Each structure stands twice: as C-alpha cells, then as structure tokens.
Amino acid sequence: MAVLLKRLLHTWRPPAALGRPLGRREASLGTHAGAAVRVRFAPSPTGFLHLGGLRTALYNYIFAKKHRGSFILRLEDTDQTRLVPGAAENIEDMLEWAGIPPDESPRRGGPAGPYLQSQRLALYAQATEALLKSGAAYPCFCSPQRLELLKREAIRNHQTPRYDNRCRSLSEAQVAQKLAKDPKPAIRFHLEGEAPAFQDLVYGWNRHEVASVEGDPVILKSDGFPTYHLACVVDDHHMGISHVLRGSEWLVSTSKHLLLYQALGWQPPRFAHLPLLLNRDGSKLSKRQGDIFLEHFAAAGFLPDALLDIITSCGSGFAENQMGRTLPELITQFDLTRLTCHSALLDLEKLPEFNRLHLRRLVSDETQRRQLVGKLQALVEEAFGSQLQDRHVLDAAYVERIILLRQGHICRLQDLVSPAHSYLWTRPAVGRAQLGAVSEKVDVIAKRVLG
C-alpha cells in the first residue's frame, strides 16, 4: 500500500482531466471455446463450514468433475478483524471429510497460488494502480464520521444509504494537498456509464444499473486490503476461473464486477448464481443454529453421502429428485441448465432416513462393511470400555453379524451403542440390593398365588 500511495501523484489523473468518457471494453458473456473448466469455492474463514457452504462447494465440485475440470478452494480472509481461529483448517478438513477435496487449496498448493487472499495483496495493488492510471479509480479522503453522517441522513430521509462521490471531483492539486495530511486514503472505483447486460446460466439475462442506485464503492481500504468486489475479480482472473458458481445474493453485484472487468481489460468468466438453501419453513439458515455446521453432523455419525444427497435432492439441477444418489451419480446426472431460481427447502428431519439408506448401501458392500466393523469396534470400546465382561463381543465376526442383523433398524452406526442396544455388548449387572428386592417381591407374589 505504501509503495502504491507514493506513486499515486504520478499515476493518478482525475476523471475530468481525461476529457472523454472512460473507455471500457464491451463485456463478453463467457470464456473462450475449449477453455479448461476451472471453478472455485471461496468462503471467508469467519466461521466453520456449514450446510449452505457445503452445497455451494458441492455444486462447484460436481460441475468441475463432470467437465473434467479443476475445483479450487480460495479463502477470502481480507477482513482480518472477523477471522475465527481454526476456521480455515475446518473448511478444508470438512471438504475432505465430505469427499469433495479441492484440487488446489491453501493446504494442497497449486499453480495459481497463494490461495489465501491476505497473501495476494501485491496483485490487488497492481490492479488498483492500473485503475488509477486510467482514471477509473480515485482516492477518497472522507472520514468515517462523515460517511456515518451520510448514512444517518439517508435513513432519516427514508433513502437507501449511498456515498455521494464527493472525492471523485477532486483536482490533482487538491489530492496532493490531502495526501500530505492523510497518506493512506481509501481507493474507490468510478461507477459510470451503462452497466453491461449479462446472461446468468441460472437467472437468464440481467442488468443492474448500479451507478444510478449506489455510490462509488471502495475497492482498496486504507490498510491496503481489498474489498470483496476487487479481490474476487482480480483473483478469478489470475486463477483462470472459467465459471463462477456462487450464491444468488451476489447476483446484483455482478454488474459492478463486470464494470471492473471492463476497466481492467479482462475477459470475465461465465456466471451461475445458485438459489438459496433455506429451512423447511422458508427461513434462512443461520450460523447461530449450531446444528448446521458440518462438524456437528460428522460427530453425530451421519454419513457424508447422506448429507450430499439431501442437500441436492431438495433443490434442482437434476432430471428428477430422488433419494440415494452417490457422489459419482451426482456428478454424472448433474445438469447446470436444470437449476431453477426457486430456493431449496431443506427438511433435516428426513436426514436420518437418508442416512439409513446410505448406511444399508455401505453394509451391502463387503469392503465398506469391513470398514464399518472397525468403526463399530471403536465405538463399542469407547462407549462401554471397562463394562465389557466378555471381550469376545469385539471380535470382527460378531460385530459384523450385529451390523447385518440390525441394519434395517438403525439410522446411524452410533445407534448400536445407545442404551437401547447395550445388551448386545454387556451382561446386565444386578447388585445384592436389587436381588434382595426382587426376592421379596417374588415371595409376596408366591403367597398371593398359592393362598
């Protein structure tokens, strides 16, 4: 950031000095024919991976694998104040647990790294410098206090808060004067002209006239970190992303991103915005719901395939919705053109039945069944431990027989170590006091029966 700002006076020209509208390329609707498919899942490590994130990652993964492409994990950690310790590791761990590991990631590396945005600041500075040179960006010296006053005034007048573009009209001399007092301004992107129309692969043709409803957005903060709008454009370009599959909440921002692509002279990727995943009652999934995080389901004994199955069967993207699809089947049957704009309603009360179906499928496979035997042996040891009077109950043959006999009566392997199934592993322990009480009751009953 410091180097960029030192060159600011030498590179930046106020838009008025250009004497003409900013020259921007007409946005293309897609990638070159025959280009390799490269998609990315780009969560922010401000929390652990949850069902909504898993669904976005899954659609990216199966789309990439269907087209023999690459699935990339990029962590958007530019908001350093909101990072959650362990979240970055959890996201990658849970993708691997779910069976959809990235081909390139912070952990695995790859040719387009680094895959942490906080390690790519030089790329954002280069893009910002190019925008400053062309007049498509400008420094903003407005204080947080002034911006807050603008926001309050808009709310008081029942208007949508927006920046008034005050610093857009500063002259070169005014910028020099302000830089002497404030050497670390934010950098804003000059929104102007008609936003390009684009064909979203799910929502069809769209155009959002962002310049008429928004103020010029900050693209580089005073601390040298980019905002989402600049970072995602720069990273998708340098990582060679061919298709952006992301949540529909970003649909309105796409016109803004296309304006950035035009200003930088870059080819944009194809866009496909995914409808939201909602609760059964239509409410939003919330991170405050502890049971939507993947580690909760993993600890509770739910199978990855059951989760992948339920989050795809409640939505669209397939010729027909059905239970029991495996990951290879999801890949072969997925059709992006079948995605609809309707939100997907997730009924987690059905998850045990999905899990039962996938558990029985594993039991029917000899190799998978052997793995289940090992897992159940560990669960029995953990649940009962010293209570095991007969260690023979841990024999593989016995454990396998239990799984085969009880498979239709359980939803999770953990069910077999619940109190209701403890008789399978331990003998009832009856103390002297209990025996005495039983004997007394037997005597009473015998006297009444025998008269």
Lone Cys, the chain, Cβ cut-off 4.7 Å -> Cys142, Cys232, Cys314, Cys341, Cys411
Where Cα atoms sit under 23 Å apart: lysine pairs in region 2-278 separated by 8 or more or lying on different chains: 17
Between the residues Ser118, Phe48, His158, the Cα farthest towards the positive end of the dipole of region 30-164, that dipole coming from +1 and -1 charges on the beta-carbon of Lys, Arg, Asp and Glu, is from His158
Within 10 Å of each residue's Cβ, count the other Cβ atoms and sort Trp205, Trp97 from fewest upward. Trp205, Trp97
Segment Glu172-Arg152, extension gain: residue separation times 0.36 nm, minus the distance between their alpha carbons: 4.2 nm
Rounding to the nearest 20 debye, state how big the charge dipole of region 2-278 is about its Cα centre with +1 on each Lys and Arg Cβ and -1 on each Asp and Glu Cβ. 520 debye
Value at 222 nm in deg cm²/dmol, rounded to 500, when DSSP H runs of n ≥ 4 in the chain each add -39,500 (n - 2.57): -12500 deg cm²/dmol
Among Tyr124, Tyr203, Tyr423, what is the fewest-to-most ranking by other Cβ atoms within 10 Å? Tyr423, Tyr203, Tyr124
Residue by residue through region 259-267, what is 3J(HN,Hα) from phi via Karplus (6.51 cos²θ - 1.76 cosθ + 1.60, θ = phi - 60°)? Round to whole Hz and write x for glycine and proline. 5, 5, 4, 4, 4, 8, x, 10, 7
Ranking Thr78, Thr326 by Cβ neighbours within 10 Å, fewest first, what do you get? Thr326, Thr78
How much length, in nm to one decimal, is gained on full extension between Ser418 and Ala130, taken as 0.36 nm per residue of separation minus their Cα-Cα distance? 97.3 nm
Enumerate the calculated ³J(HN,Hα) couplings along region 118-127 in order (Karplus 6.51 cos²θ - 1.76 cosθ + 1.60, θ = phi - 60°), each rounded to whole Hz, writing x wherever the residue is Gly or Pro. 5, 9, 10, 4, 4, 5, 5, 5, 5, 5
What is the spin-label model distance, in nm, from Asp390 to Ala36 if the labels are put 7 Å beyond Cα along the C-beta direction? 5.9 nm
Given the Cα-Cα distance of Gln199 and Val252 and 0.36 nm per residue of separation, how much length would full extension add, in nm? 17.8 nm
Run the simple label-point estimate for Asp347 and His296 please: 7 Å along Cα→C-beta, distance reported in nm. 2.0 nm
Say each of Arg207 and Leu278 gets a label point 7 Å from the Cα, pointing the same way as Cα to Cβ; how far apart are those two points in nm? 3.0 nm
Defining a contact as two alpha carbons under 8 Å apart and six or more residues distant in sequence, what relative contact order in percent does region 2-278 show? 26 percent
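Each reported figure results from applying straightforward, stated rules to the coordinates on display, with no laboratory input. These figures come from a predicted structure and were not determined experimentally. Neighbour counts run over all protein chains shown; Cβ positions are idealised from the backbone, glycine included.
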